[in-house]
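The values are calculated or read from the model by the stated rules, or taken from the named source; none is laboratory data. This structure is a prediction, so every number in the text was calculated from the model and none was measured. Using ideal geometry, Cβ is built from the backbone for each residue, glycine included, and neighbour counts are taken over all protein chains shown.
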Amino acid sequence: MTPATKTILCGEAATSKRTHGSTLCLRNAGKNPDIHLQIDDISRALMTNLPHQMVDLIEIAAFVYVADQFFPRGGSGVEDMGANWRRPLHFEIPVRWLDFWRRDDVTTALRETLSFLSEDEYEFTFRRYEKPPPIDGYLNLADTDTRPEQVVLFSGGLDSLGGAVEEIVAAGRPVALVHHQATTKLINRHRMLRDMLDERAKGPRPLYVTVRINKKKNLNHEYTQRTRSFLYASLAASIAGMCGLHCIRFYENGTVSLNLPIAREVVGAKATRTTHPRVLAGFAQLFSLVTDSSFSVENGFLWKTKEDVIRGIVDAGCSGMIEWSTSCAHTWEMTNQHPHCGTCSQCIDRRFAILAAGAGNFERTESYAVDLLAGPRPEGEARTMLASYVEVASQVSTMTEMEFFMRFGEVARIVRHLGGSADESARKIYDLHRRHAQSILRVIDEGLAIRASQVRSRSLPEGSLLRMVHDPSITGAAVAPAAAVEAVRGDPDGDYVLRRRGDGWLFRFAGHELVWLKPMIGYCYICELLRFPGKRFTLSELLIVVHGSRAMLPLGDGAELLDGQARVAYKQRLSELDEEIEAMRANNDLGALEGLQAEREQVQSEIKKAWFRKRSKRGNSDLNRVRNSVSNAIRRAYQGIQAYEPDGAQHLSSTTSLGFNVIYNPAERLPWSL
């Protein structure tokens with residue numbers, strides 16, 4: 001069932017309105033506003049009148065960010081993506097420059113970028129502001145004469161710290177660091193990083209711009225915050241405009257930025273898309289329209305692993321800063337003793353990279369609530385996340401280029417947004433992930449050597465990583481084995497894909513990442529249903545199409561009728577083959593023609609058998625048995641898809657009727673590539 005559209009009335013559109021049900025009212029001015037945006041430490045020397053469309057952009061980003069946290073996604077969070085993960089959101093927003101925001105190119109850039117960033121569906125209705133709030137109400141000015149040459153987004157995480165070190169310490173460049181303060185828990189840690197960067201700066205001290213959004217407590221229901229980077233980037237673009245610059249820069253390592261699925265628990269929008277090349281390209285397009293200039297949004301670490309980033313921090317003499325950076329996604333769990341949970345994907349990435357870079361002495365082992373190598377992990381997501389992560393690394397470390405591109409078909413879609421040679425970019429992506437995978441295995445090998453006696457005596461906790469690498473029964477990952485990957489000519493086209501590949505199947509739904517599925521007969525049935533949407537298959541027809549001469553047709557009291565249906569199905573396929581053969585002859589496709597002719601001969605043989613075959617009656621139980629067999633096979637296939645693509649599984653299960661007749665009948669026909 002499609003989730004109901006959520007309506008967000010913003011600014012003046014929310015006046016005299018109350019939040020209820022699927023309608024959210026957000027007031028940003030007047031008495032008792034719902035949200036208040038505050039930007040600290042803007043230089044008086046830089047303060048100029050921003051263009052109206054840039055002020056509008058900041059407010060739009062703030063409204064989107066707050067609404068993102070208000071409407072729950074329908075599960076218990078990232079670890080439980082459900083059918084309601086994607087939310088239809090309709091915003092009604094007053095703006096200062098109405099003609100601009102109603103332009104098709106502007107609304108398209110805004111909607112498509114946000115949709116990919118957060119996996120939600122966006123619609124915007126803009127109206128003219130009657131009494132717009134002044135931009136001065138958002139700013140706390142400071143006296144400083146720093147004129148930045150670069151605007152850098154600074155989260156306080158390890159990658160953004162590496163970027164700040166590269167800009168401020170290594171290059172000595174005057175920089176504005178834009179920071180979004182999402183929680184007060186990190187204030188002291190960020191303050192310590194600021195002091196250390198000031199002390200190590202080779203040039204002018206950086207300009208720190210802190211952004212805060214104060215909102216009512218009843219607006220916090222969803223913690224995933226996928227649109228945070230949109231607010232973050234919009235504010236940075238505004239500050240760049242004040243500085244006369246046309247560029248902002250993120251710093252995030254390439255393996256995280258490219259967002260290839262490291263485990264089924266971190267697929268698609270379940271992993272952040274903050275700096276995904278498609279998102280950055282969308283930001284650049286939107287900001288170019290807003291500023292009427294050629295605006296760029298860059299990732300300075302796209303071709304670096306996290307290990308590379310850490311080595312850069314150490315080489316710059318800033319290893320003491322590592323301890324004060326914070327990477328954990330579960331900030332609500334952090335304590336002074338354990339600022340990192342040790343179980344989320346960010347913590348796993350961080351600790352592997354620190355150990356791989358030989359920087360383990362620069363942070364306390366106790367910083368992690370669960371030790372990476374030897375810490376016990378309970379059964380469930382925490383354990384399977386790590387096991388899957390390591391298994392994929394093991395596979396990637398030995399993959400050829402073609403095997404890698406087969407396993408991660410999304411690469412073909414990523415390179416479209418990188419510019420330059422697609423082949424060169426693809427090779428760099430392959431090399432990046434190979435280096436990342438090899439560093440993970442190196443850390444594990446070193447850990448095994450250090451704790452060899454504990455591993456041998458099995459004295460390590462059962463759920464620890466070093467025990468799991470010796471016990472396949474607790475590695476819950478279901479990924480494509482490298483040996484099963486066959487050479488292909490490229491990524492299958494289309495946003496909707498179900499195609500046999502090697503021993504398994506490739507699946508993509510709604511333009512999401514391409515995933516590899518283990519072989520199941522249910523996918524064969526589903527593929528035939530997708531090939532003919534709206535067609536009602538009898539069990540005989542479906543079995544014949546999928547199994548051919550091996551089909552065990554259901555017989556019973558209606559044996560003559562079912563045999564007749566079988567003959568009709570065979571004849572229909574024969575007619576289709578005749579048409580396809582004629583088309584292949586016209587196209588002079590001799591390879592395809594040979595295969596079709598062989599299939600036609602087989603079908604003709606089956607028609608003769610169907611006419612003269614005599615079988616004993618086996619009662620209605622035989623028909624029920626076959627119905628249950630086909631239905632259960634299709635349901636198992638749904639479960640296989642659910643692990644990777646819940647939206648796809650939900651679509652198929654809700655649009656397919658099972659029973660003595662089987663039909664895939666969606667309200668809207670999707671362009672499946674089969």
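Things to note:
- Every residue from the stretch 127-154 that is surrounded by 22 or more Cβ atoms within 10 Å (Cβ to Cβ) and either at pLDDT below 90 or within 30 Å of residue 92 (Cβ to Cβ) (or both): 148, 153
- Scanning the stretch 260-267 for any residue that is in contact with a His (Cβ under 6 Å, 6 or more places away or on another chain) and either among the hydroxyl-bearing types (Ser, Thr, Tyr) or modelled with pLDDT under 95 (or both) turns up nothing.
- Scanning the stretch 112-126 for residues that are outside any strand (DSSP E or B) and crowded, with 16+ Cβ neighbours inside 10 Å yields 113, 114, 115, 116, 117, 118, 119, 120.
- A count restricted to the stretch 303-325 and to residues that are surrounded by 22 or more Cβ atoms within 10 Å (Cβ to Cβ) and outside any helix (DSSP H, G or I) stands at 4.
- Here residue 119 does not qualify as at pLDDT 85 or above and either closer than 22 Å to residue 287 by Cβ or in contact with a helix residue (DSSP H, G or I) (Cβ under 6 Å, 6 or more places away or on another chain) (or both).
- Residue in the stretch 297-313 that is at pLDDT 80 or above and under 21 Å from residue 100 (Cβ atoms) present: yes
- Tally, over the stretch 151-175, of residues that are assigned to a strand (DSSP E or B) and closer than 18 Å to residue 230 by Cα: 3
- Top-ranked residue in the stretch 328-380 [being under 25 Å from residue 433 (Cβ atoms), among the aliphatic types (A, V, I, L, M) and assigned to a loop (DSSP other than H, G, I, E, B); ranked as modelled with the lowest pLDDT]: 329
Let's see how each residue does on (1) surrounded by fewer than 21 Cβ atoms within 10 Å (Cβ to Cβ); (2) at pLDDT 85 or above:
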{"residue": "402", "(1), (2)": "yes, no"}
{"residue": "417", "(1), (2)": "yes, yes"}
{"residue": "428", "(1), (2)": "yes, yes"}
{"residue": "437", "(1), (2)": "no, yes"}
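- Pair list, Cβ under 6 Å, 6 or more apart: the stretch 329-340 residue buried (at least 18 other Cβ atoms within 10 Å of the Cβ) and of a type in the set (Phe, Trp, Tyr), other residue modelled with pLDDT of 85 or more and assigned to a loop (DSSP other than H, G, I, E, B): none
- Filter result (among the β-branched types (Val, Ile, Thr) and within 31 Å of the chain's Cα centre (by Cα)) within the stretch 158-182: 165, 175, 178
- Residue within the stretch 305-327 that is touching a residue at least 40 places away in the same chain (Cβ under 8 Å), under 24 Å from residue 382 (Cα atoms) and more than 27 Å from the chain's Cα centre (by Cα) present: yes
- Within the stretch 413-440, residues that are on the phi > 0 side of the Ramachandran plot have Cβ atoms under 9 Å from residues that are modelled with pLDDT of 90 or more and part of a helix (DSSP H, G or I) in these pairs: 419/281; 419/425, counting only partners at least 6 apart in sequence or on another chain.
- Meets criteria (at pLDDT 85 or above, among the acidic types (Asp, Glu) and surrounded by fewer than 21 Cβ atoms within 10 Å (Cβ to Cβ)) for residue 445: yes
- Taken together, the residues in the stretch 360-412 that are touching a Phe, Trp or Tyr at 6+ places or on another chain (Cβ under 8 Å) and aromatic (Phe, Trp, Tyr) amount to 2.
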